Amino acid sequence: MSDADAPKDFIRQIVADDLEGGRHQRIITRFPPEPNGFLHVGHAKAICLNFGIAAETGGQCHLRFDDTNPVKEEEEYARAIEEDVRWLGFDWGEHLYHASDYFDTLYAWAEHLVENGNAYVDEQSPDLIREQRGSLTEAGQESPHRDRPTAESLDLFRRMKAGEFADGAMVLRARIDMASPNLNLRDPVIYRILHQAHPRTGDRWCIYPMYDFAHGQSDAIECITHSLCTLEFENHRPLYDWLVEHLPVPARPRQIEFSRLNLSFTVTSKRKLLRLVEQGLVDGWSDPRLPTLSGMRRRGYPPEAIRDFCHKVGVTKYEGVTEVALLEATVRDTLNPVTPRRLAVLRPLKLVITNYPEGHSETVEAPNHPGDAEMGTRQIAFGREVYIEASDFMQDPPKKYFRLAPGAEVRLRYAYNVTCDEVVRDTAGEVIELRCSYDPESKGGGGRKVKGIIHWVSAAAAVDAEVRLYDHLFNRPDPEQGGDYLDHLNPDSLEIVQAKVEASLADEDPLQRFQFERSGYFRRDPQQPERLVYNRVVALRDGWAKIQAKAKT
C-alpha cells in the first residue's frame, strides 16, 4: 500500500501528534483477546488497527491474552487466536503476554489500594451489591463495609487469597464515588473469590482480578502507549484512568475508543456464536457461514481481502452497520485478477451432440485467465456427450434470453456452436437430456456469431465433486432485532450439490482458489482433504439475474 493509500483516521492523527510532540519516542499497542471463543471479523478490525499503527510508526504490537476468568478459558481458543492473527498477516514476535503473567503484581497493587484507603473488602452478596449500585438517575447506596478499617480490609483480603472463604463470600471493591454519574465509578468490584484452577497458574490462586482492574494495569506494565478499545469501553475510561492514577504504575497508557465493526445479516457476539456452535446449528467455530476468521479461512477468503475490507470500513467514532455486500465485493475484487479459471457444472444436464462422430474425442484450448496471458492456457477434453448447467436451458424463454432453448444456437465456451434439436424428458416430464447438432466449422470462435455462450464439461472426462454453496446465515439484515436471533436463521444458507468438474481439479493444489466460470470463486475444503469438496468463497454477479430483478421493479 502506498503512502497515498495508507489509512488516515483520528486515532492515527493522535498517534502522529504524540510522536511529533515528543510525548512518546516509540509507539506500543496491544491486541488483548479473551481466550473464550474464536476471533471474528470485528476482531480483524482491531487487529489491523493495532498491528497496523505499530508497523506504520516503527513501533511494536503485543498479543496479550486476557485470561482473568479461568472458568471460560480454553487452550484451544488461545491457539486458534494465534493462528488467526498470523493468518491475517501479523506477528507479535517475542511479545506474547498473558494477564496471568502479572497476577503477583496485580495483587500487590490491590493491597496498595487498600493500604491507601482506596479499596475495601465488602461481604455483601453480588445481588445486593448490584442492587445498591443505583441507576442513571439515582445515586448508588454505600456499603456498610465501605468505611471499615484499613487493617481489617487488608487482613480479609489476604485471607481471601489464602483460600479461607467460599466463592461469593466477599469481594474487593475500589473506593471511589457511589454518587458518580458514571456507574463504573460506583465502587466497582476489582477482585472476586473463585476456587477454580487456572490453565496457566494451576491452583496457585483462588482470587482473580476483574477485567477493568487487570486490563489497564497490564497495559501499564507493558508500557503500552495507546490502548485502543471499541466504543463500549468509553464509559470505562474514567475507571481506567483512576486506577492508573492511584497505583505505582511504570507507564500511563492513553485509552482511545473507536466504533466496532457490525455487519448486516451477521451476529458477532461470541456468546451468541457459541450458542450456534453448542446447539449444532453450524459446523463448529470454523463453519464457513460464520463471521469467525477460522470460518472465513475455511471458506477461502484471502487474508489480504479482510485487511483491505477493514481499511475501507475505516476507523470512526460513529456506530453503524456495514453492508456484508462490501465484504463480498472486496473478496471478489481481490480474487478476480489472480485467480485461475476452470469449468465446473454445478447442476448437470446431459447434452448429446448427435452429429459428432461416435467414439471420437479431442481437446480444446482455454486460457487460465482471460485477462492475464502470462497465466498460460490449458487443454480441455471434449467429446460427443457433455454436461451443461440445467439453468442454461429453458423450454419457453423470455426475451433477451440468450442461452439454450428448442431451436436456439449457443456457443459451448472454447469449443463449438450447438443447436438444440430435441428435448428428452422422463416419465414425470422433467428434462433429462438435450439432443443437439454442432457446427464443425465453429471451433475456437469460427462459424456463425451467436450471443449466447455457456460453459460445459466433458461427460467422459469430468470428475465428480461436492460443491457447497453458502448464503447468509440469517435471512434479515439485523437478526438481533425483534425476538430471538435464532428465529431468523436462513434455512437456505447452505446448499450442497453434486457437480461435474474439469478432471485437472482433482490434482490441483488444495490451497489454490479457482473461479468456476459463470458460477463464482471456490476453494477445496481444507477439513476434508480425502474428498473433492469445494466451498464457494463468493458468487459472481449474474447478468441474467440483474435483468430479471430489473424487470420486477
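The values are calculated or read from the model by the stated rules, or taken from the named source; none is laboratory data. No experiment lies behind these values; they were computed from the predicted model shown. Counting neighbours? That spans all protein chains shown, and the Cβs are built from the backbone with ideal geometry, glycine included.
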### Message
Need a quick list: strands (runs of 3 or more DSSP E) entirely within region 403-463 having at least 3 residues that are surrounded by fewer than 20 Cβ atoms within 10 Å (Cβ to Cβ), free of Cβ contacts under 8 Å to residues at least 40 places away in the same chain and assigned by TED's automatic domain parsing to the domain that holds Ile353.
### Response
417-425
### Summary
Note: among Pro510, Pro526, just one is modelled with pLDDT of 95 or more and at negative phi, namely Pro526
### Task
Assess whether Pro238 counts as being in the same structural domain as Phe51 (by TED's automatic domain parsing) and outside any helix (DSSP H, G or I).
no
### Message
Kindly evaluate Leu172 against the criterion of being touching a helix residue (DSSP H, G or I) at 6+ places or on another chain (Cβ under 7 Å), outside any loop (DSSP other than H, G, I, E, B) and not hydroxyl-bearing (Ser, Thr, Tyr).
### Response
yes
### Task
Scan Met210, Met296 and give me the residue that is touching a residue at least 12 places away in the same chain (Cβ under 8 Å) and either farther than 30 Å from Ala169 by Cβ or within 27 Å of the chain's Cα centre (by Cα) (or both).
Met296
### Query
If you go through region 38-58 one residue at a time, how many are outside any helix (DSSP H, G or I) and either buried (at least 23 other Cβ atoms within 10 Å of the Cβ) or in contact with a His (Cβ under 8 Å, 6 or more places away or on another chain) (or both)?
3
### Message
So the check is Cβ under 8 Å with 6+ separation or different chains; which pairs have a first residue in region 266-292 that's free of Cβ contacts under 8 Å to residues at least 60 places away in the same chain and a second one that's of a type in the set (Phe, Trp, Tyr)?
### Response
Val277/Trp285
### Residues that are loosely packed, with under 15 Cβ neighbours inside 10 Å and either touching a residue at least 24 places away in the same chain (Cβ under 8 Å) or among the small types (Gly, Ala, Ser) (or both), drawn from region 472-488
Gly482, Gly483, Leu486
### Query
Does Val277 satisfy the criteria of being outside the structural domain of Leu19 (by TED's automatic domain parsing), part of a loop (DSSP other than H, G, I, E, B) and at negative phi?
no
### Message
All but one of (1) farther than 30 Å from Gln13 by Cβ; (2) among the basic types (Lys, Arg); (3) in the same structural domain as Val114 (by TED's automatic domain parsing); (4) assigned to a helix (DSSP H, G or I) hold for Arg200; state the number of the condition that does not hold.
### Response
(4)
## Note on the structure
Apart from one, (1) under 23 Å from Gly445 (Cα atoms); (2) at pLDDT below 95; (3) of a type outside the set (Lys, Arg) all hold for Pro367; the odd one out is (2)
### Task
For residues that are of a type in the set (Gly, Ala, Ser) and surrounded by fewer than 17 Cβ atoms within 10 Å (Cβ to Cβ), scanning just region 268-293, find the one that is farthest from Glu34 (Cα to Cα).
Gly280
### Query
Mind checking which residues of region 17-37 are hydrophobic (A, V, I, L, M, F, W, C) and either in a loop (DSSP other than H, G, I, E, B) or outside the structural domain of Trp92 (by TED's automatic domain parsing) (or both)?
Ile27
